[in-house]
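Undergrad: Pasting in a structure now, in structure tokens, and then I'll have a few things to ask.
The values are calculated or read from the model by the stated rules, or taken from the named source; none is laboratory data. Since the structure is predicted, the reported quantities are computational estimates derived from the model, not experimental observations. Please note that ligands, DNA and RNA were not included when accessible areas were found on the heavy atoms of the full protein model with its side chains. Shrake-Rupley method; radii C 1.70, N 1.55, O 1.52, S 1.80 Å.
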Amino acid sequence: REALAVTAQLCGPELERYGRCVAASPGSWHRDCHQLSLSVTECASNHPLVRRIRRDCSDSFGAFERCLRERPRSAAECGPHVSQFLLCAQNVTQNVAPGDTATATRSATPRD
């Protein structure tokens with residue numbers, strides 16, 4: 001949740017534009033909104049916690065992206081993939097001590 005909140009706080013305008021595009025293009029959003037998706041990714045990647053989630057949850061996020069590519073007209077079928085990614089992201093944010101997000105991406109090993 002924290003990472004999603006950080007992304008929404010830092011990248012609200014980008015997320016809003018992307019969301020409007022997806023809603024307006026249900027059958028072709030994966031093509032029509034690709035550039036907007038990249039702008040959200042670029043914006044979010046500037047935050048250490050988001051970078052850690054992208055690193056630690058890349059498998060579940062990749063599965064979600066594959067699902068969306070394979071089912072562009074029925075994205076709702078990808079719900080289980082979203083849930084798996086969100087659970088991973090939640091686990092990452094719970095394992096980062098407050099104020100420790102700046103160092104979270106510097107170390108690949110868990111802290112004691």
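Undergrad: Give me the accessible area per residue for the stretch 1-95, probe 1.4 Å, as a whole number in Å². It would help to have the intermediate numbers written out before the result.
TA: Working: 5980 Å² over 95 residues.
For the stretch 1-95, the solvent-accessible area averages 63 Å² per residue.
Undergrad: With a 1.4 Å probe and all protein chains in place, put PHE61, PHE85 in order of accessible area, largest first.
TA: On the way: PHE61 75, PHE85 35 Å².
Descending order: PHE61, PHE85.
Undergrad: Starting from the Cα gyration tensor of the stretch 1-95, multiply each eigenvalue by 5, take the square root, and state the resulting semi-axes largest first in whole Å. Spell out each step's value before the answer.
TA: Numbers: eigenvalues 94, 58, 21 Å².
Output for the stretch 1-95: semi-axes of 22, 17, 10 Å.
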